[in-house]
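Take a look at the structure set out below.
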Amino acid sequence: MTRVEFMGRLRRGLAGLPPAAQEEILADYDTHFADGAAEGRSEAEVAAALGDPGRLARELRLEAGLKRWEEARNPSSAAGAVMALVGLGAIDILILLPLLTGVVSAIAGLYVAVIAVFISGGGILVAGPFFDPPGGPLFPVLLGLGLMGASVTGAALLTIITIWLVNGLVWFGRLHYRLIKPAIQPEPDYSERGLS
């Protein structure tokens, strides 16, 4: 594979990352080719040593997604980290995607239920005293406040569980990246250069 082919595939694989990050990554890999040429290596040798540019782009996108999640813990960065992780490997997708889909669906359903309980608690709080409830007008006020408080507590617990889930996925992604990184970037052989 030539330098132009490698860089083109890497550029296409990095689509979606911020332009500054793309240019920084591309400049770094262009430097690998320049250093290889200075050492007398062919473009094909350098490209083979760097590995598959598509896989490399997926790993770089995962790393960028993980950094974004660590910098700003919000739903957008969580979704980016999860999608980068899912895009990393087909085998992982076959295992992770069904589990992740079920867990995310359950959490989304629970969030909807918590919102519904909060709204119904607000309705009971506001309208309840006007319907002459058993126990007097104070009963629906307290019931409504109780339902709203319980839903806020439930939402807080769901948020903590969601953060744990995303952190677990980030941990898995980093572990996966650490396991495959030696295959992508082999350790330099200092014995050839006379260094120890």
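When 11, 3, 41 are screened for being surrounded by 13 or more Cβ atoms within 10 Å (Cβ to Cβ) and under 25 Å from the mean Cα position of the chain (by Cα), only 11 passes.
When restricted to residues that are surrounded by 17 or more Cβ atoms within 10 Å (Cβ to Cβ) and either of a type outside the set (Asp, Glu) or at positive phi (or both), segment 44-59 contains 7. With respect to being touching a helix residue (DSSP H, G or I) at 6+ places or on another chain (Cβ under 7 Å), at pLDDT below 90 and either under 26 Å from residue 16 (Cβ atoms) or part of a helix (DSSP H, G or I) (or both), residue 166 fits the description.
Quick one: would you say residue 134 is free of Cβ contacts under 8 Å to residues at least 40 places away in the same chain and outside any helix (DSSP H, G or I)? Considered against the rule, which asks whether it is free of Cβ contacts under 8 Å to residues at least 40 places away in the same chain and outside any helix (DSSP H, G or I), residue 134 comes out as yes. Candidates are the residues of segment 147-163 that are out of contact with any helix residue (DSSP H, G or I) (no Cβ under 7 Å at 6 or more places or on another chain) and of a type outside the set (A, V, I, L, M); the one that is modelled with the lowest pLDDT is 159.
Listed here are the helices (runs of 4 or more DSSP H) enclosed by segment 15-130 that have at least 3 residues being at pLDDT 85 or above: 19-38, 43-50, 90-127.
Hey, can you tell me all the residues within segment 103-120 that are more than 12 Å from residue 155 (Cβ to Cβ) and not hydrophobic (A, V, I, L, M, F, W, C)?
Going through segment 103-120, the residues more than 12 Å from residue 155 (Cβ to Cβ) turn out to be 103-106, 108-109, 119-120.
The answer is 105, 109, 120.
Taking the stated definitions as given, is residue 26 surrounded by 14 or more Cβ atoms within 10 Å (Cβ to Cβ), under 21 Å from residue 170 (Cα atoms) and within 27 Å of the chain's Cα centre (by Cα)? Before you say what the answer is, go through the steps one by one.
Values: surrounded by 14 or more Cβ atoms within 10 Å (Cβ to Cβ): yes; under 21 Å from residue 170 (Cα atoms): no; within 27 Å of the chain's Cα centre (by Cα): yes.
In short, no.
The values are calculated or read from the model by the stated rules, or taken from the named source; none is laboratory data. Treat the numbers as computed from the prediction; the structure is a model and nothing was measured. Virtual Cβ from ideal backbone geometry, glycine too; neighbours counted across all protein chains shown.
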